Structures are given as C-alpha cells and as structure tokens.
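Here the structure is laid out as structure tokens; the discussion comes afterwards.
The values are calculated or read from the model by the stated rules, or taken from the named source; none is laboratory data. This is a predicted model, so every value here is computed, not measured. In this analysis, Cβ positions are derived from the backbone assuming ideal geometry, glycine residues included, and neighbour counts consider all displayed protein chains. For accessibility, only protein heavy atoms count, side chains too; no ligands or nucleic acids. Shrake-Rupley method; radii C 1.70, N 1.55, O 1.52, S 1.80 Å.
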Number of protein chains: 2
Amino acid sequence: MASNGDSQTKYLLSEAEMPTAWYNLQADLPNPAPPLHPGTGQPIGPADLAPLFPMALIEQEVSTERWIEIPEEVQAVYRLWRPTPLYRARRLEKALGTPARIFYKYEGTSPAGSHKPNTAVAQAYYNKQEGIKRLTTETGAGQWGSALAMACAFFGLELKVYMVKVSYEQKPYRRALMEAWGATCVPSPSTDTESGRRILAADPNSRGSLGIAISEAVEDAASRDDTHYSLGSVLNHVLLHQTVIGQEAQKQLAMADAEPDIIIGCAGGGSNFAGLSFPFVREKLLGKEIRIVAVEPAACPTLTRGVYAYDFGDTGQMTPLLKMHTLGHSFMPAAIHAGGLRYHGMAPLVSLLYEQGLIEAVALPQTKVFEAAVQFARTEGLVPAPESAHAVRAAIDEALRCKETGEAKTILFGLSGHGNFDMAAYEAYFAGQLMDYAHPQEEIEAALAGLPAVGN
Amino acid sequence: MASNGDSQTKYLLSEAEMPTAWYNLQADLPNPAPPLHPGTGQPIGPADLAPLFPMALIEQEVSTERWIEIPEEVQAVYRLWRPTPLYRARRLEKALGTPARIFYKYEGTSPAGSHKPNTAVAQAYYNKQEGIKRLTTETGAGQWGSALAMACAFFGLELKVYMVKVSYEQKPYRRALMEAWGATCVPSPSTDTESGRRILAADPNSRGSLGIAISEAVEDAASRDDTHYSLGSVLNHVLLHQTVIGQEAQKQLAMADAEPDIIIGCAGGGSNFAGLSFPFVREKLLGKEIRIVAVEPAACPTLTRGVYAYDFGDTGQMTPLLKMHTLGHSFMPAAIHAGGLRYHGMAPLVSLLYEQGLIEAVALPQTKVFEAAVQFARTEGLVPAPESAHAVRAAIDEALRCKETGEAKTILFGLSGHGNFDMAAYEAYFAGQLMDYAHPQEEIEAALAGLPAVGN
C-alpha cells in the first residue's frame, strides 16, 4: 500500500491471502423458512431441485456448515482477477470535507466487470463436475449473462441465455460480449419454449421481463437431461459464493488498521450486498457494533415497501416459493438504468436479516444516484455501474452526515462493478433526461394482492 | 502467483516494486533526427514548443538521460491501477497445442481501459506544475481523450477534446465517459477554431479526421496563455512515460524464470509498442537475443509500406516536421475498427529502431485479428480491444510456428486494453460484416507524393 495525502490508498492482498472457504451465514442464522413446493405447500427436497441444479449446489443451498471449501479449480479461475483491491477514497473524502474515512471494495476488475463471476465460476464448475454439458439462464441488462458466459467458456460448457427482449434490442454490446465468450443469446419471450410461445400468443409485441425469461430458462433446463439452470442471485448458494468479497475486505481493513462503523451495499436480488456484508454480519453477531445498510432503488423498493411473505421467483409462477421481501411477482419496476436492481424480490437470507433488525435499508432516486456517481468518477477515477452507484450515493450521504456531526466514522461500501457498458445511462443523465419514479401505494398493493395463498 | 495446470498464472508486483524512473531510449540510441520547423527547415528549439508544452516535457523530449524520475504525485495516481498484471496464457497455449510459452502484460486495468493514462497522468501533472489551467487534445475513437479526461480530473485541469466527427456521432459512449470525468467534447471540424471553420467552409459535411482534429487542438492551445496542448502518442516524452509497462514486465518475467525470445506489441502512433518494448530494446543493445515485432493493421501499414522521411504530424500541416515512417500526412486509412492504429505516421524513435533493424514489423488484416481476439476471449477470459487484438494475432501466429518447428520459445505480448467500448466491432465480426482492406500501391504513392520538400 502507499499513498500521499491527496491520492487514493490501495490495499492489496497477495494470492496466498485469498479466502479458501466461503462463509455460510446459515451456520450463524438458523431456522430460515424453507422453500415450498407451489402445488403442495410442502418444503421442497433435493429431488425436486435435481433437474435444475447439481447436487453440490443443492447441498450448499441447505448446508449449515460455517465454512465451505472453495475447490482449487474455482480458486484458480478467481485468480484471473482476484484478490480485488480495497481503496481508501481520500480524494472523495477531501472533496466532501468529511471527517469520515471512506473505503470501497472494487469488484469491477473481473473480465465481466462486476462481482457476478464469483458465483458464475463456481456454478459452472459444479455443473461440469456432475457431467452436465449445457446451462441455461436469463439475463436482463446482461451483467449476469456475460459473467456466466465467461465461466462456461472456462469449463467448456454450452450456454443459452434468454435475454429480456427490450434489453436484447437496446443493449447489443452486452449481447456481443456474451457471444464473444461463446454463449448463444435469444430474445425473451422466444418461440423456443412453451412459456415463451404462450406469452407471445397473448401479446406478440411483448418486450419481455426478467420473470418471463426465468420461466423460459427453467423450462429449457427441466426438459433436457444434459442441461441445468443457473441463477445469478437470490438463492443461498449464490450468496455464499459472493462472500469472498467481504472476507477479503475484512483482511484489507485490518491492513488499514480500520474497524468499520457502517457497511453499505446495493441490493437487487441481494448477492452483491450479501457477499460484502455477510462476513461483517458474523462480526455483528459476535458482538461488534456495525450498521449494515442495503441500498435499493426507489423505483423497486423491495425491502422498504415490500412485505415479508412466500412468493414466486418468477412471473410465470414456475419456481418454488421463497420466503422473502417481495413487491409481488407481478410487480413491474419502473425502467430505471440500474437494471440489475429491478427485481420484485429479495434473497431470503437478506430478507431474514432485515426482519431480525440486523440490517437497515434505504431507497434512493436515480438522479441523486447518478449525481453521486459523477462526483465519484471525478474524484476517484472509477466510473461506477448504475447499480453500484446506489452504494456510492448512500456512502456519500453518510459521510456528509459525519461532516455535520463531526464524527470520524469508518464507512465501507461495495463498488460492485464499473459502468463501461452503461454509458448510455450517463449520457441520459448529462442530457437531463433521467426521471425519478415512485410507484403509487395502490400499485404496490395491487401487486401484493397477487401473492400466492400457499405458505402465507 | 499461483496456478494449476489448466488455468492462467498471474505475476503481480507489489507497489514497492513499481518503477520509480522512466527509461529513456535516447540515452542508448543516440542521434535521432531532430524535428524541423516547417517554414525554415531548421531544427526547432524549446522556445518553438513552449506555447504548446510545459518546459519539463520539452526537456524530456530531447533528454539523453537514461533514467528520468517519476514524480511521486504521478506515482500516487499510477497506484490506482498499477502495477498491472502479467499473465501466462496457459489455457491459450493448451488450446493451440503449442510448446511455446505465451505471456501477456495487461494494461486494461486502468479506469480508462488502456495504457494511455500512463502518459496522460504525467502530462497533466507537469502542466499543472507550470500553472496551466486548461488542456486541449484531439481524439479519434476516444481512448486517448478519455485517458486525458481522467488525468485532468485528478489534477483539476479543464480539458477540451476535439473528437473526430464521425466518431463523435458513432461513439456516444466514449464521449459520455469523457464527460463523466468532466471534459468538454466537441465534434471536429468545429466552428470553434479557424482551422475548423476553414474545413467546414470548403466542405460543410466533413466527417473530420485525426489530422484535422490535431490542427484544431493545437490552434486552440496556441491562442490562449492558460492553455497547453497534449498528444497521446508519437512524441519522445509520450513513449518515455509508457516505459513503466516494459520495466514491470521485465521484473514479472524474472518472477516466472522466463527470458523472452519474442516481444510483440501493436503499433499505431507507437506509444504502446514503445512502452512494452523499449526496456527490452535496451537488453538487446546489451547483447541479448530478442526478436521485437511491431504489429500494424494492413489498412494502415506505416512501417511495412511507408517511407522514412520528414512529414507533418497533422493533415493541416501545422506541426513541426518529424523524421518518421509515414504514409504521407494526407493518407486516409481505411475505416477499420482499430481506430487507435489509424495514423499515417509512426513515432520517430520506433521508426529509427526499424531503420536500424532492431525491430521487425508485420501488417495484419482485421478479420484474422478478430478471429484471434475471440479465441483469446474464450480461453483467457479477457476480451481484447481491437488494437490489442493485433498483438494477440501475431502472438498466436508465432506460437503456431513453434508448434510446427517444435521450439519452446517464450513469447511476450502487450494486451494494451480491453474491448468494453468496442463491442460494436465484435458485433460486426459475428455478423460477418467485417471487411479487409489493402490500399492499392498507387494510392500510397499518391499520398507520399505530398511529402514536404523541407528536410527530405
């Protein structure tokens, strides 16, 4: 590490200091509500999930072992871009005139540009081990689809990505990225699945949604023996794989002689937030005083305005029911630029932490988020992804509160990815074309009225 | 470092091992032909350059000191992304079935995504030191403009970028990136300068060129006391700043117990190629056997089909005359996707090495280049910029020759940047829309007929 007064300070681990096990919060937060079969209302078992996931991931989904070893083959791929840097944002602190110390953990060094490969690589590995030849998944803006495309290239798996049609048309570059890694990408709804054909029959002009694309990918995987399905967030095993982020950050903060007062992460499905914060949740459970804040968009306020209930993960009502914070599986979030945060639900483990009062949540409007992103780019040099910029905004707000109170708090936030593929959003911001959205209470209540009876 | 047999191996330096001085090839390669005043034909002196550049850079331009200290303020900014990784491309080697060992030095970790910030930061620093408030520059595809925008944000300088109009319209995302860092960007030819207005009067529909944009940026800087001009390649001081790349690579190869047989870099203006290769040129001058290969596009074959002569750096004939390999300042390279390699000239120091037989050159067609880029992405995970992909192609070709001969050569190539902002080029490649171009000999001869009489 090195610094002068005005510049950033970077804390880098050696490869030997990388975590060799994932941290499993389920060991320390017992009794999560189990997923239910939507037909029977009974907890689902491994056999129900076997058509979609390899047994190693099904075991991780329900494991209560605190540490789960990271296979050497997965660590080897991680080392392409890991360990990732932790920075002290000295130039931002100075620009804000805050006594707070601001640290950020940067996951944009991966070839796909976000934290998503942390789980994509693990999922591809376990599927390959089980003899699977082909994966399917859905993607919205394309961050998850491109991460899995890269992972599948490493392990020699075929990949078919169902990409929400509106994104497929508006974001050809993300699609080209997936194709560069060898994946096949089709617009969803497609004519390749029963679910897709049903949607198209009802509405030939459907622009698609994440919920529809999930239905298509799940149907495809369930119908072929050589194929499994892969999900980029929400599920316990996905969150588990992301905990390398927080574990590295713990060691890096120790290098800086810093104890965090506040941990901040953006939360869509919850995997980025979980990856950074769960190792610190453990510290909190062991007695440390830490505020942990999930930041969601005002246009998709799952934690702050949703309910804690059983709901489907997809629009097509094909997935098991998960006990989670949800706005209802039919909720259609406004078209904000942080596509990765536009999901009606929240990971069950994150939702449970929120219910137990172990974490807080805040919902922010996108214009204020982009304002913070630009301030960050001009001081720290890195241009945040719109999703990550939610955490930047919240961190700046906390630092400005410290300026008012004179407190020298230590803030850590997650910069989950860079904005290289999102410059259209910045363009719109500079042109004054970004709008803020707040869904009327009636709209949210209408979506919540559609929650399934089973489990609730 | 760590590896398993199938994965990449990464060689990382600590920050303490970063170079603290730039390597100046002029100490070891004496008597380069001096720049000439286009009017008088006399060598230009510091006073001629003072309206455009700070004295510290003018001194570096002509210095024969072997090592020039990197100011601590510049090193502090470098540490945002430096030292950069060196990888052994084990997965690519395996896919090729070659006995060769392939290493690559990756400069895409910088926030601007290429090697360009290595000099942008230094230039911004020296201008700030001299009390300059504002810089101007030109940019084509936008890689240089965005690097300088980032550097100016760090040192609190204003920046005006004259962006070739066709790129300004086709690449709004690069423009948004420059604006995210606070730069002002106008399409060139613009009505803001006499040069621009003259071009527009003759052709209101002009799409611009790099040569025109240089003329505009130089005129703007020369007309204001608070403003200097900044160039992203070609000049000696620019190449000097890039030598951190090769110096780091030397140490990293030593970590790998590797002695390079072949060094490969793509070459447009020459700064990336120089940055990687000059420290190895020194080794060669000291007696080591190393082949050093510059890779240029077949559509702009400056070294392989140009002549070594005095020529202007810009279309508008405003710059000093440089003795260099050139296709003539009026040469218009075909519209290949590697915008950063579309320059009629080549850095004088690189040209001199070529004349002296110390380096080789090869010119490659873009379809073969993209084929290599995709093979690289699918094996190594990183998606190369189209410019960098030229080096990938040449490295693969050398490795395939080793496969034929059975030689286990050690190849080092420079991966100067990522392709995140170039996915439209990949899209065109996958759609079968990329064309290869070879300029007819008459066309090149016609452009060469326009070389200035002065000096030649």
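From the list A:E179, A:E130, A:E138, exactly one residue is closer than 19 Å to A:A338 by Cα and charged (D, E, K, R). Which is it?
Values: A:E179 fails: closer than 19 Å to A:A338 by Cα; A:E130 fails: closer than 19 Å to A:A338 by Cα.
So the residue among A:E179, A:E130, A:E138 that is closer than 19 Å to A:A338 by Cα and charged (D, E, K, R) is A:E138.
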- Can you spot a residue in region B:357-369 that is buried (at least 24 other Cβ atoms within 10 Å of the Cβ) and assigned to a helix (DSSP H, G or I)? yes
- Task: Working only within region A:192-230, note down all residues that are farther than 24 Å from A:C152 by Cα and of a type in the set (V, I, T).
- Result: A:I199
- Message: I'd like to know if region A:400-417 contains one or more residues that are within 13 Å of chain B (Cβ to nearest Cβ), touching a residue at least 60 places away in the same chain (Cβ under 8 Å) and touching a helix residue (DSSP H, G or I) at 6+ places or on another chain (Cβ under 7 Å).
- Response: yes
- Note on the structure: Within region A:107-127, the residues that are assigned to a helix (DSSP H, G or I), out of contact with any His (no Cβ under 8 Å at 6 or more places or on another chain) and not hydrophobic (A, V, I, L, M, F, W, C) are A:P117, A:Y125, A:Y126
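Listed here are the residues, each with its yes/no results for (1) under 27 Å from A:P51 (Cβ atoms); (2) β-branched (V, I, T).
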{"site": "A:Y162", "(1), (2)": "yes, no"}
{"site": "A:A176", "(1), (2)": "no, no"}
{"site": "A:A180", "(1), (2)": "no, no"}
{"site": "A:S188", "(1), (2)": "yes, no"}
{"site": "A:E194", "(1), (2)": "yes, no"}
{"site": "A:I199", "(1), (2)": "yes, yes"}
{"site": "A:N205", "(1), (2)": "no, no"}
{"site": "A:V218", "(1), (2)": "yes, yes"}
- Query: Which of (1) away from every other protein chain (no Cβ under 14 Å); (2) open to solvent by less than 30 Å² (accessible area, probe 1.4 Å) is the odd one out, the single condition A:L382 does not satisfy?
  - Reply: (1)
- Scan B:A389, B:A447 and give me the residue that is within 14 Å of chain A (Cβ to nearest Cβ) and in contact with a Phe, Trp or Tyr (Cβ under 9 Å, 6 or more places away or on another chain). B:A389
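Can you pull out the residues in region A:128-164 that are assigned to a helix (DSSP H, G or I), more than 21 Å from the chain's Cα centre (by Cα) and not aliphatic (A, V, I, L, M)?
Start the filter on region A:128-164 by keeping residues that are assigned to a helix (DSSP H, G or I), which leaves A:128-129, A:143-155.
Pick out the ones that are also more than 21 Å from the chain's Cα centre (by Cα) and you get A:128-129, A:153-155.
Answer for region A:128-164, where residues must be assigned to a helix (DSSP H, G or I), more than 21 Å from the chain's Cα centre (by Cα) and not aliphatic (A, V, I, L, M): A:K128, A:Q129, A:F154, A:F155.
B:E69: acidic (D, E) and either open to solvent by 40 Å² or more (accessible area, probe 1.4 Å) or under 21 Å from the mean Cα position of the chain (by Cα) (or both), yes or no? Before you say what the answer is, go through the steps one by one.
Working: acidic (D, E): yes; either open to solvent by 40 Å² or more (accessible area, probe 1.4 Å) or under 21 Å from the mean Cα position of the chain (by Cα) (or both): yes.
So B:E69 passes the test.
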- Query: Taking A:M423, is it open to solvent by 50 Å² or more (accessible area, probe 1.4 Å) and out of contact with any His (no Cβ under 7 Å at 6 or more places or on another chain)?
  - Reply: no
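Counting residues that are within 14 Å of chain A (Cβ to nearest Cβ) and at pLDDT 95 or above, which helices (runs of 4 or more DSSP H) fully inside region B:1-106 reach at least 3? Please lay out each step first, then the result.
Working: elements: B:46-49, B:55-62, B:72-78, B:90-96.
Output list reads B:72-78, B:90-96.
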- Task: Scan (1) more than 23 Å from the chain's Cα centre (by Cα); (2) within 23 Å of A:L415 (Cβ to Cβ); (3) crowded, with 16+ Cβ neighbours inside 10 Å for the single condition A:P38 breaks and write down its number.
- Result: (2)
- Message: I'd like the full set of residues that are polar (S, T, N, Q), under 24 Å from the mean Cα position of the chain (by Cα) and farther than 21 Å from A:A256 by Cβ, limited to region A:389-417.
- Response: none
- Here is a list of conditions, (1) under 18 Å from the mean Cα position of the chain (by Cα); (2) within 21 Å of B:I212 (Cβ to Cβ), and B:H325 meets all of them except one; can you say which number that is? (2)
